[in-house]
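Here the structure comes first, spelled out in C-alpha cells, and everything after it is commentary.
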Amino acid sequence: MGIARWNGASWSSVAGGVSRPPNDASVWSFAEYDDGTGLALFVGGSFTTAGTLPVNSIARWSGGSWSDVGGGVSGTFGAGEVVATAVFDSGNGPELVTGGHFLGAGGVPAPYVATWNGSNWSAVPSGLDGYVEYLQVFDVGDGAGPRLIAAGGFGSGLGATISDIATFDGVAWSALEDWSSGSVRALGSYDDGTGPGLYIGGRFLTIAGQRSRDLVRWSCVQGGLGLGYCSPAAPNSTGRAGVIDIAGSPVVAQDDFTLLAHDLPANQFGYFLVSDTRDLVVSPGGSAGSLCLGGTIGRLVAPGQVRFSGTHGVFELPLDLTRLPAGAATVVASPGQVWHFQTWYRDRGPSGQPISNFTDARTVRLQ
C-alpha cells in the first residue's frame, strides 16, 4: 500500500508498503541518504506503519527491510506529516532535511522543518512559522556553497519577513530576492545552457514586475555583484529596510569595487562591515537589526571611511581590496576568496531616541 517498485519491466510491492488506519496512508516524498549504515531510501508522508513496523510518517527502506527513523515526527494531535525531504550540508556533514505539517521530531521541538543526521533529530536554526511542502537544494553560485530552498505557507524566519519561499545558508533564513508573493506548488533545478536556474511553479501572475504566469526561473544573476542574504533587513524609520549593494568588478586586479547602501534614514552616520564568515546575531547591543557577519569582523572606519547618508539616505565607499580590515589588522584579498559585507547605521526610534540598525548582507567571490 502507498508505495510500489518498478524495475523497468514490472511492478512489485515494497515489503507490504505503508499504511494508516482505516485506509488513508499517503506517500509524498523520497530522498536517498546515507545515514552511516549505507545508502537507503527515506520515505515521507502520512502513515503509521511501514511493513509491519510502527512508524510516524517517515521510514527508511534499505532495499530489504523497513526501519524507524528516530521516532519520526509528531503534530498537535498524534503523528505529523512529512511532505518534503532533501539532503543538505549546513556545515556539519550531509543531513536529511524534512519539511511538512509537524511540530516535533523524535521528541525534539522542531516546528515544520527538522534534520536527521543518522542518529538524532534537530530543529533547523532560526525556524519557520508555518508549514513546509517543498524542499530543493540549489547552488546560487556565490561561492558559499549550495543553499536549501523551502516553500510552503510561512511568513517569517527569526525576524526575517519572507513570503512562502525562503533560502537557508546553514545559519539563517533569507527571502528569495525579487520574490513578492504567490502560491508555490513545485521546485526544481535545471541548467538550460545559460547557467543553473531554480524553477518555481505554482499560482502567480507576476514576479519582480514581469508577467510570468505560474512558472518562473530564478537565477543567481542579479543586480550588483554577489548575492544578498539576511534579507530583508529590519525596517528603519523610513518604513523601508536598508539594502547593501556592490558595484564594479569582482576581479581584484581591476581595483574597481564600490560598496553602496540605500533606503537609509536621511542625515545619519554609519559604516560598512566586512568578514570572511557568516553568522546571525539578533539585535546585538540592543540594535533594531541583526548582524549577519561572524568571525573576525572588520569595520571600515579609517579616516574618510565613515559615511553620512545625506538627504537621499545613501552611503557609497570605493574599497581598496588590498587593505581590508580584519579586527585591528588589515589583510590583502585574493582571487578565489569569499567575503561578506554589511552596513551598520544610526537611526531614530519612535520617540526620537537614537538607535542603530543594519542593512541586509551581501556575499562576493573574488576573482
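Any read-out appearing in this document is the output of simple, stated calculations on the displayed coordinates, not a laboratory observation. Since the structure is predicted, the reported quantities are computational estimates derived from the model, not experimental observations. Neighbour counts are summed over all protein chains in view; Cβ atoms, including those assigned to glycine, are modelled from backbone coordinates with ideal geometry.
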| What are the residues whose amide H is under 5 Å from the amide H of ILE355, where those residues sit 5 or more places off or on another chain and H is modelled from the backbone? | ASP347, ARG348, GLY349
| message | Please compute the modelled spin-label separation between SER183 and ASP129, points set 7 Å along Cα→Cβ, answer in nm with one decimal. | response | 2.2
| said: Once R0 is set to 51 Å, what does the formula 1/(1 + (r/R0)^6) return for the Cβ-Cβ distance between ASN7 and VAL338, expressed as a FRET efficiency to the nearest 0.05? | reply: 0.70
| query | Taking θ as phi - 60°, what are the ³J(HN,Hα) couplings along the stretch 132-138 by the Karplus curve (6.51, -1.76, 1.60), each to the nearest whole Hz, with x for Gly and Pro? | reply | 10, 10, 9, 10, 8, 9, 9
| task | Work out how far the C-alpha atoms of the stretch 227-365 reach from end to end along every principal axis, then list the three figures in whole Å, largest first. | result | 47, 29, 27
| request: Could you work out the local net charge near ALA172, counting Lys and Arg as +1, Asp and Glu as -1, over the other residues with Cβ closer than 12 Å to its Cβ? | output: -1
| message | Just want to confirm a number: the relative contact order over the chain, from Cα pairs under 8 angstrom separated by 6+ residues, in percent. | response | 9
| Mean shadow area of the chain, taken as a quarter of the surface of its Cα convex hull (nm²) | 21.9
| From the backbone phi of the stretch 109-115, what are the Karplus-calculated ³J(HN,Hα) couplings (6.51 cos²θ - 1.76 cosθ + 1.60, θ = phi - 60°) in whole Hz, Gly and Pro given as x? | x, 7, x, 6, 8, 8, 10
| said: Please report the spacing between the Cα centers of the stretch 58-123 and the stretch 4-41 in Å, no decimals. | reply: 16
| query | What FRET efficiency would be calculated for the residue pair SER119, SER351, taking the C-beta separation as r and a Förster radius of 51 Å, to the nearest 0.05? | reply | 0.50
| said: Just want to confirm a number: the relative contact order over the stretch 41-92, from Cα pairs under 8 angstrom separated by 6+ residues, in percent. | reply: 32
| If Lys and Arg each add +1 and Asp and Glu each add -1, what is the summed charge of the other residues whose beta carbon sits under 11 Å from the beta carbon of GLY152? | -2
| note | Listed by chain and number, the residues whose amide H is under 5 Å from that of ASP139, excluding neighbours fewer than 5 places away on the same chain and using placed H, are ARG147
